[in-house]
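The block underneath contains the structure these notes are about, expressed in structure tokens.
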Amino acid sequence: MAEDKKKKATKTKKSNAKGVDPSQAQQPGFAIEKLYLKDASVEVPNAPEIFTNREAPKIGIELNNTAKPLADGFYDVSLQVTVTSKQDDKVAFLVEVTQSGIFQINNIPEEGLEMVLAITCPNILFPYAREAVSDMVTKSGFQPVLLNPINFENLYLQQKQQQTQEQNKND
């Protein structure tokens with residue numbers, strides 16, 4: 001009787017050539033393959049004079065998100081963060097960080113894939129980019145810049161709304 005159970009267990013495990021249950025093969029899948037710092041730079045164009053200026057800096061932040069397909073089901077997603085600090089009309093520092101990741105995404109419909117690449121992946125990458133920006137600013141001799149959390153879903157929806165409005169104007 002114990003042997004019968006073992007035989008049944010081995011039979012159910014070998015349901016297809018890859019050893020994967022066919023019902024699971026069609027399930028949506030998401031995995032982080034690799035997270036990496038693709039590019040980082042810091043400029044302090046007005047050093048050392050800028051360190052004597054006691055005026056509160058004005059901080060500007062720009063975000064850019066790109067995604068490109070690699071092999072079947074693999075995508076390279078990059079989040080570029082540019083932080084510019086100005087005192088008066090002089091640039092105190094300029095920090096650019098491109099945090100990237102390779103993600104495996106399977107069995108997600110095209111409309112859902114766009115959302116995963118524009119919302120889920122940047123949400124994963126952002127804390128790493130935030131840390132790199134803060135470290136670089138501090139190592140440059142300035143007070144740390146702690147970027148506030150970003151709602152990538154809101155940004156995505158705003159972008160879609162703008163695209164719809166532009167299409168309606170062109171029609």
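The values are calculated or read from the model by the stated rules, or taken from the named source; none is laboratory data. Not measured: the values here are computed from a predicted model. Please note: Cβ atoms are built from the backbone with ideal geometry, for glycine as well, and neighbour counts cover all protein chains shown.
So the values come out like this:
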| item | result |
| --- | --- |
| Filter result (aromatic (Phe, Trp, Tyr) and either within 20 Å of Gln80 (Cβ to Cβ) or out of contact with any strand residue (DSSP E or B) (no Cβ under 9 Å at 6 or more places or on another chain) (or both)) within segment 127-168 | Tyr128, Phe152, Tyr156 |
| Any hit, segment 73-82, residues being closer than 30 Å to Ala56 by Cβ, in a strand (DSSP E or B), among the hydrophobic types (A, V, I, L, M, F, W, C) and modelled with pLDDT of 90 or more | yes |
| Of residues in segment 12-70 being under 27 Å from Val95 (Cα atoms) and aromatic (Phe, Trp, Tyr), the one modelled with the lowest pLDDT | Phe51 |
| Some residue of segment 39-55 being touching a residue at least 24 places away in the same chain (Cβ under 8 Å), part of a strand (DSSP E or B), touching a helix residue (DSSP H, G or I) at 6+ places or on another chain (Cβ under 8 Å) and of a type outside the set (Asp, Glu) | yes |
| Candidate set: segment 98-127, residues that are over 23 Å from Asp72 (Cβ atoms) and crowded, with 17+ Cβ neighbours inside 10 Å; chosen: the one farthest from the chain's Cα centre (by Cα) | Thr98 |
| Odd one out for Gln159 among (1) assigned to a helix (DSSP H, G or I); (2) in contact with a Gly (Cβ under 8 Å, 6 or more places away or on another chain) | (2) |
| So Glu110, is it over 30 Å from Pro48 (Cα atoms) and among the acidic types (Asp, Glu) | yes |
| Selected residue (only one of Val133, Val97 is assigned to a helix (DSSP H, G or I), farther than 20 Å from Asn154 by Cα, of a type in the set (A, V, I, L, M, F, W, C) and at pLDDT 95 or above) | Val133 |
| Unmet requirement for Val145, which otherwise passes all of (1) part of a strand (DSSP E or B); (2) at pLDDT below 95 | (1) |
| From Asp135, Asp76, Asp72, Asp89, residue being of a type in the set (D, E, K, R), surrounded by 15 or more Cβ atoms within 10 Å (Cβ to Cβ) and free of Cβ contacts under 8 Å to residues at least 12 places away in the same chain | Asp135 |
